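Could you have a look at this structure, given as structure tokens, before my questions?
The values are calculated or read from the model by the stated rules, or taken from the named source; none is laboratory data. Since the model is a prediction, treat every value here as computed from it, not as a measurement. Ideal geometry is used to build each Cβ from the backbone, glycine not excepted, and the neighbour counts take in all protein chains shown. Note: accessible area is taken over every heavy atom of the protein model, side chains too, but ligands, DNA and RNA are not part of it. Shrake-Rupley method; radii C 1.70, N 1.55, O 1.52, S 1.80 Å.
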Amino acid sequence: MPRAQRPSLTAVKVARVLVHLGHRRAYAPLLPAGAAERTQQLLLQAGLLKPWMVRWMQRPAYNRALEQIGDWFSPGQAVRIGLRKRLIDDEVRDALNRGATQVLVVGAGFDTLCSRLAGEYPACRFVEIDHPATHGVKRNAMQALGWVRPNLELLGVDLSQVALSEALLRHIPAWDRSRQTVVVAEGLLMYLHRHHVARFFGEVHTLTRAGSLVVFSYLKSDANGRPYTGRVGWLTRASLALMGEGLHWSVASTEALATFVETSGFALESEPARFDLGVRYLVPAGIEQAGAAPFEFLAVARHRTESSRPI
Ligand SMILES: C[S@@+](CC[C@H](N)C(=O)[O-])C[C@H]1O[C@@H](n2cnc3c(N)ncnc32)[C@H](O)[C@@H]1O
């Protein structure tokens, strides 16, 4: 099925990994509260997970085997996906507790952050955007589950065709640039071309007020300037490209990233321990297994100044 007509395979994969981790006794407590259970419900409702798959996931031997296959591609990958969700959940909650009242998740896939937080923070506005093919399946499943709320809006937009600001301002009239906002781009920006990523930050700058945050993940470049995705990176890159979800954007270093976002009027928050999933979550839990070198990194950029980059 062409990309335009089927839900994102990478989004389904991330969601299934989370469900899998929810059935792993060692890792389940590290996930955002309720995220694995809710994702399981969502995928079952959408037909993207079958009851027999869930029964298999409840078997420790099967779960371990699944993890070993994933580890062959990239050690600790599954755990890191779970912890990336935990870090984003913690960062967004922290921002909401400090006064943010608007959350935008771009490329939301089958993530349940907004649907979980919309009930907990009824005075805040939550918006999710994804490609229409993924969005449609998710929206139908959420409606069937009764998860649609007045303070949560889902928008189907192909961001390679329509600018983020145009989509948002046209379809979400209640969007308020004067609110303190958190924008999440989890596992998204690496699939865009560099100029689209630059445009993304520029647009987020015009859509939000100073002090607003962008929480995002990114890849670093390998020696040839391509996105580095672990020891069999060529295989990962080739299979993603075959799925119609090729990787495009990566940065040479954290310093290069800081310069990149600065051009759009953002300052990169620079506290290494805050963004180190091992230090922040695994060490306190007494787990060292997933300490293998990561290739996907997390960052927060704060809307700071006027942008010097035209969008
Ligand atoms: C790897 S998935 C991540 C999903 C989710 N953020 C998560 O981490 O669970 C990437 C997501 O970006 C979305 N995406 C990629 N290109 C897009 C585009 N041009 N317009 C809208 N969404 C896009 C995909 O549909 C997919 O849901």
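On the basis of being in contact with a Ser or Thr (Cβ under 9 Å, 6 or more places away or on another chain), open to solvent by 10 Å² or more (accessible area, probe 1.4 Å), under 30 Å from LEU235 (Cβ atoms) and of a type in the set (A, V, I, L, M, F, W, C), does PHE110 make the cut?
It is false that PHE110 is in contact with a Ser or Thr (Cβ under 9 Å, 6 or more places away or on another chain), open to solvent by 10 Å² or more (accessible area, probe 1.4 Å), under 30 Å from LEU235 (Cβ atoms) and of a type in the set (A, V, I, L, M, F, W, C).
Here's another thing I want to ask about it. Every residue in region 208-238 that is more than 15 Å from the ligand (Cβ to nearest atom) and hydroxyl-bearing (Ser, Thr, Tyr), please.
THR208, SER212, SER221, TYR228
If I ask for residues that are closer than 12 Å to GLU296 by Cα, touching a Lys or Arg at 6+ places or on another chain (Cβ under 9 Å) and not hydroxyl-bearing (Ser, Thr, Tyr), which ones from region 220-246 would you list?
The answer is PRO227, and nothing else.
When you go through ARG125, ARG55 one by one, which is the residue that is farther than 23 Å from THR236 by Cβ, open to solvent by 10 Å² or more (accessible area, probe 1.4 Å) and in contact (Cβ under 8 Å) with a residue 40 or more places away in the chain?
Unique residue meeting the criteria: ARG125.
For VAL79, all conditions in the list (1) surrounded by fewer than 19 Cβ atoms within 10 Å (Cβ to Cβ); (2) under 20 Å from the mean Cα position of the chain (by Cα); (3) more than 13 Å from the ligand (Cβ to nearest atom); (4) not small (Gly, Ala, Ser) hold save one; what is the number of the exception?
Unmet condition: (1).
Say whether the condition of being at pLDDT 90 or above and within 18 Å of the chain's Cα centre (by Cα) is met by at least one residue in region 220-233.
Within region 220-233, one or more residues are at pLDDT 90 or above and within 18 Å of the chain's Cα centre (by Cα).
Of all residues in region 245-274, count the ones that are within 16 Å of the ligand (Cβ to nearest atom) and among the hydrophobic types (A, V, I, L, M, F, W, C).
Summing the residues that are within 16 Å of the ligand (Cβ to nearest atom) and among the hydrophobic types (A, V, I, L, M, F, W, C) in region 245-274 gives 2.
So VAL197 fits all but one of (1) over 27 Å from ARG24 (Cα atoms); (2) surrounded by fewer than 15 Cβ atoms within 10 Å (Cβ to Cβ); what number is the exception?
Failing condition for VAL197: (2).
Can ARG38 be described as open to solvent by 20 Å² or more (accessible area, probe 1.4 Å), out of contact with any Gly (no Cβ under 8 Å at 6 or more places or on another chain) and within 16 Å of the ligand (Cβ to nearest atom)?
So ARG38 passes the test.
Scan region 91-100 and tell me whether some residue there is in contact with a Pro (Cβ under 7 Å, 6 or more places away or on another chain) and more than 20 Å from LEU207 (Cα to Cα).
For region 91-100, residues in contact with a Pro (Cβ under 7 Å, 6 or more places away or on another chain) and more than 20 Å from LEU207 (Cα to Cα): absent.
Picking from LEU247, LEU257, LEU240, LEU268, which residue would you name as being over 21 Å from ARG226 (Cβ atoms) and surrounded by 13 or more Cβ atoms within 10 Å (Cβ to Cβ)?
When all the criteria are applied, what remains is LEU268.
Right, another one. Are there any helices (runs of 4 or more DSSP H) wholly within region 90-194 with 3 or more residues that are within 15 Å of the ligand (Cβ to nearest atom) and within 27 Å of GLU296 (Cα to Cα), and if so which?
Here the list reads 113-120, 132-145.
Mind checking which pairs have a first residue in region 209-220 that is over 17 Å from SER253 (Cα atoms) and a second that is hydroxyl-bearing (Ser, Thr, Tyr), Cβ under 6 Å, 6 or more apart or different chains?
Listed pairs, sorted by first residue: ARG209/SER178; SER212/THR181.
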